[in-house]
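Please treat every number below as a calculation from the coordinates, not as lab data. Bear in mind the structure is a predicted one, so any value in this text is a computation, not a measurement. Cβ atoms come from the backbone with ideal geometry, glycine included; neighbour counts cover every protein chain shown.
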Amino acid sequence: MIPSSAVGLGSVALRTYAESQCMYDAGSPWGQRNYWKSNGMSELSDPAVLTLLERFKAIPSRLCVIGLEFLHGQVHRAEPGASAVGFRDAKFDLLIEAKWLDPADDDANVAWARETWSAMQPYVHGPAYLNYLVGEPQARVRAAYGAETYARLVRLKDRYDPDNFFRMNQNVQPSGGAR
């Protein structure tokens with residue numbers, strides 16, 4: 001059991017979509033350096049929480065964040081293939097955010113995020129939320145969507161963006177290989 005002193009108190013509130021989209025603005029101002037890792041989790045076990053607490057003690061910047069988003073509602077009710085979001089088996093989204101200001105601290109912060117990610121591998125399950133992935137290899141992008149959904153998105157990309165003009169995200173590449 002995790003001691004109650006180890007878990008901070010949070011708040012729950014109804015928010016509009018627009019309010020939700022602005023929640024991170026103050027915590028991630030323009031010019032701040034970021035490196036994020038993310039993945040779904042099917043449960044929040046005591047060993048997973050204790051690992052997160054240990055990794056948080058090692059943050060290289062006071063701006064670093066470890067977030068857990070509770071996933072519920074439509075994301076679990078939608079039929080597979082109904083959308084590009086693949087969190088049907090995940091109850092939580094783990095978000096490891098290395099954040100810092102000084103470029104000289106790049107290596108330490110990226111290393112902390114990667115080490116935290118590595119330590120959490122026994123506890124993650126399923127895909128990642130694409131908006132939280134940064135600089136991931138194409139194989140990770142494919143895995144986040146799942147094979148069937150990714151193939152459907154490639155067909156859409158082939159039809160509407162065969163030259164890959166819209167590529168500055170976690171890119172779905174057209175089958176023609178345009179970059």
Count - residues of the range 13-30 that are more than 19 Å from Phe70 (Cβ to Cβ) and either touching a strand residue (DSSP E or B) at 6+ places or on another chain (Cβ under 6 Å) or part of a loop (DSSP other than H, G, I, E, B) (or both): 5
Every residue from the range 69-92 that is touching a strand residue (DSSP E or B) at 6+ places or on another chain (Cβ under 7 Å) and under 19 Å from Leu14 (Cβ atoms): Glu69, Phe70, Leu71
Residue, surrounded by the most Cβ atoms within 10 Å (Cβ to Cβ), within the range 137-179, restricted to residues that are within 24 Å of the chain's Cα centre (by Cα) and at positive phi: Gly146
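Across the range 57-91, what is the total count of residues that are part of a helix (DSSP H, G or I) and in contact (Cβ under 8 Å) with a residue 60 or more places away in the chain?
Qualifying residue count, the range 57-91: 0.
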Single unsatisfied condition, Arg55 versus (1) buried (at least 17 other Cβ atoms within 10 Å of the Cβ); (2) more than 26 Å from Arg140 (Cα to Cα); (3) of a type in the set (Lys, Arg): (2)
Filter result (in a helix (DSSP H, G or I), free of Cβ contacts under 8 Å to residues at least 40 places away in the same chain and farther than 16 Å from Gly40 by Cβ) within the range 112-140: Ser118, Gln138, Ala139
